[in-house]
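The next block holds one structure in the form of structure tokens; read it before the comments.
The values are calculated or read from the model by the stated rules, or taken from the named source; none is laboratory data. Computed from a predicted model, the values in this text were never measured in an experiment. Cβ atoms come from the backbone with ideal geometry, glycine included; neighbour counts cover every protein chain shown. Side chains included, ligands, DNA and RNA excluded: accessible areas come from the protein's heavy atoms. Shrake-Rupley method; radii C 1.70, N 1.55, O 1.52, S 1.80 Å.
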Amino acid sequence: MTHPILEMRSITKTFPGVIALEDVNFTVKQGEIHAICGENGAGKSTLMKVLSGVHPHGSYTGEIIYRGEPVSFNTIRQSEEAGIVIIHQELALIPELSVAENIFLGNEQKGAFGIDWTAAHEKARELTRMVGLDADTRTPIKNLGVGQQQLVEIARALAKNVELLILDEPTAALNEDDSALLLDLLRDLRAKGLTCVIISHKLNEIMAISDQITVIRDGLCIETMNVNAGDVSEDRIIAAMVGRSLDSRFPPHTPNIGEVFFEVEGWTVEHPEIPGRLVAKGSSFNVRRGEIVGFAGIMGAGRTELARSIFGRTYGRYLGGTIYIDGEEVKLPSVPAAIKHKISYVPEDRKVYGLNLLDDIQTTVVSADWKKVKEHGALSNSAIHEAGEAARSALGIKAHSVSVNVATLSGGNQQKTLLGKWLFPEPELLIVDEPTRGIDVGAKYEIYGLINELADAGKGVVVISSELPELIGLCDRIYTICEGAVTGVVARGETDQEQLMRLMTGVETHGAFTQTTISTESNEGR
């Protein structure tokens with residue numbers, strides 16, 4: 001019989017005005033992969049922060065038993081010295097440093113006269129081979145893809161002689177291939193005796209890899225399921241997570257689609273740092289009022305680049321192309337110009353491009369359109385507060401006050417706050433880039449409902465997503481992009497994942513497209 005490596009008994013953790021965890025019991029057996037599921041704000045990450053010393057001993061009640069002995073950690077370093085290492089959803093790597101430097105940061109390989117870099121690179125090569133990373137250990141982290149960076153984080157954990165590895169949303173930012181490679185690595189580590197705890201919203205993945213699944217809801221441990229017993233299903237997990245069954249992953253919706261009001265023709269943009277490389281190649285598409293339009297493409301295909309270049313030309317070097325709103329040509333050379341023309345863009349990376357984590361919820365919500373909260377030329381605190389409360393209520397943001405900092409919110413509630421920010425200007429066209437990344441199924445359902453409501457109000461919505469089932473289930477039409485070019489457009493109910501993948505990889509094309517050839521000389525100012 002496998003013995004527990006970890007027991008957390010009667011853990012209760014409170015914040016001002018909020019009970020984050022209440023009498024939670026959590027047990028992990030030696031050598032297993034144990035998944036934790038729950039809605040955003042349920043307490044999953046808080047529980048792991050209690051374990052790893054982010055929330056120090058004394059700031060919570062309850063007991064932690066590790067390897068049969070009571071432990072109390074006051075710092076992350078203490079938990080790591082005991083063999084417990086946590087990899088957070090936002091990777092803690094330094095872009096300018098090399099692979100080897102990141103692996104041994106804070107755990108340097110010391111020699112007689114300082115750091116022994118020869119030994120460091122030799123051991124780093126062993127670790128990168130172990131995790132399947134094919135990269136020179138002298139390569140700067142900024143030159144690696146997100147999937148490769150995730151492997152560097154795991155290599156860093158292995159360098160600390162990890163015995164219990166905790167991964168918070170490890171595949172949230174990965175494409176399907178990178179996710180599959182990471183899951184295979186975790187299976188291999190389990191076979192070698194490493195114990196893993198994985199926090200994830202991707203139910204298909206945790207069903208495929210986990211031995212046990214614990215569901216946390218509203219700070220309470222609801223149940224632990226034995227996957228190997230064979231009676232665990234995605235529907236059962238969802239019901240435990242949200243406290244009710246979801247008959248469908250997508251709200252019922254009957255579209256009421258009007259005339260074309262937003263058009264892009266021949267849009268061509270050059271990479272900001274690589275002359276001659278086009279990230280958008282004569283792309284053309286349109287959006288009708290009341291329509292939800294999807295964009296599909298493999299990572300690096302140019303979906304985000306296209307959206308950002310249209311939204312105030314915030315990415316790349318504009319070479320040519322025309323935008324029409326209600327049949328009239330418009331120029332959108334800046335973000336204020338895009339907002340003025342009732343266009344909003346919710347970026348895929350909320351931490352880098354979307355939020356100032358030092359701001360509170362109410363300030364964040366109004367930050368895209370300060371004019372709406374001014375009275376007699378000055379900002380109105382009451383108007384700001386009212387806007388924050390309206391967004392909290394409409395989007396279901398879990399926080400005891402709109403005055404709390406965005407940094408204190410869970411990832412899903414940060415995403416809802418970001419949505420509130422870009423809905424505040426009351427756009428006619430909302431572009432949402434990976435709107436449900438890192439969000440649980442219950443919150444996804446709510447966001448899908450919000451997107452449907454916007455369409456029902458006659459707005460146009462563009463959804464960029466790496467999840468093909470999401471696009472198929474939500475969108476009225478789906479455009480596909482491959483290497484910066486639009487390769488197809490398909491209607492709701494007339495496609496499947498296999499056809500989309502063929503279009504996304506350029507194996508076939510579908511639909512009528514005018515791929516305009518544009519001179520590489522800038523058309524700026526014409």
Please report the spacing between the Cα centers of segment 370-394 and segment 278-292 in Å, no decimals. 33 Å
Rounded to the nearest 10 degrees, what's the angle between the helix 117-131 long axis and the longest principal axis of the chain, both from Cα atoms, 0 to 90? 80 degrees
The pairs in Lys44/Lys398; Lys331/Lys374; Lys13/Lys49; Lys374/Lys421; Lys142/Lys416 lying past 22 Å Cα-Cα in this model are Lys331/Lys374; Lys142/Lys416
Can you tell me the orientation of helix 146-159 relative to the chain, as the angle in degrees between its alpha-carbon axis and the longest Cα principal axis, to the nearest 10? 10 degrees
Relative contact order, percent, segment 288-386 [alpha-carbon distance under 8 Å, six or more residues apart]: 15 percent
Distance-filtered residues of segment 112-134 - backbone nitrogen under 11 Å, label point 7 angstrom along Ala92 Cα→Cβ: none
Using a Förster distance of 41 angstrom, determine the FRET efficiency expected from the C-beta separation of Met130 and Thr14, and round it to 0.05. 0.50
Quick check: at a probe of 1.4 Å, how many percent of the accessible area of the chain sits on carbon and sulfur atoms? 49 percent
Give the relative contact order (percent, whole number) for segment 364-472; include only Cα pairs under 8 Å separated by 6+ residues. 25 percent
Tell me the per residue accessible area of the chain using a 1.4 Å probe; a whole number in Å² is fine. 44 Å²
In the list (i) 1.07; (ii) 0.98; (iii) 1.01, the entry giving Rg/Rh (Cα atoms, Kirkwood Rh) computed from the coordinates is (ii)
Excluding residues fewer than 8 positions from Lys281 in its own chain, the aspartates and glutamates with Cα under 12 Å of it are Glu265, Glu270, Glu305, Glu483
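Which shape class, rounded, prolate or oblate, goes with segment 354-464 when its Cα gyration tensor gives a ≥ b ≥ c as root eigenvalues, a/c under 1.5 marks rounded, and past that a/b bigger than b/c marks prolate? Could the numbers behind the result be given before it?
On the way: a/c = 1.98, a/b = 1.26, b/c = 1.57.
The shape class here is oblate.
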Just grab the label-to-label distance for Val146 and Asp456, each label 7 Å out from Cα along the Cβ direction, in nm (one decimal). 3.1 nm
Acute angle (nearest 10 degrees) that the helix 176-191 long axis makes with the longest principal axis of the chain, alpha-carbon atoms: 0 degrees
Contact order normalised by length for the chain, with contacts defined as Cα pairs under 8 Å and 6 or more residues apart; what percent is it? 15 percent
Extension gain, Leu358 back to Asn161 (0.36 nm per residue minus Cα-Cα distance, nm): 67.4 nm
By a straight-distance test (C-alpha under 13 Å), which aspartates and glutamates pair with Lys372 as possible cross-link partners, with residues fewer than eight away in the same chain excluded? Glu386, Glu426
Among the DSSP beta bridges whose two residues both lie in the chain, what percent are antiparallel, rounded to the nearest 5? 60 percent
Rounded to 0.05, the calculated FRET efficiency for the beta carbons of Glu223 and Lys29 at R₀ = 22 Å is 0.85
Restricting to bridges with both residues inside segment 140-256, how much of the DSSP beta-bridge set is antiparallel, in percent to the nearest 5? 55 percent
Could you give the nm distance between label points at Lys331 and Ala383, where each point is 7 Å from its Cα heading toward the beta carbon? 2.9 nm
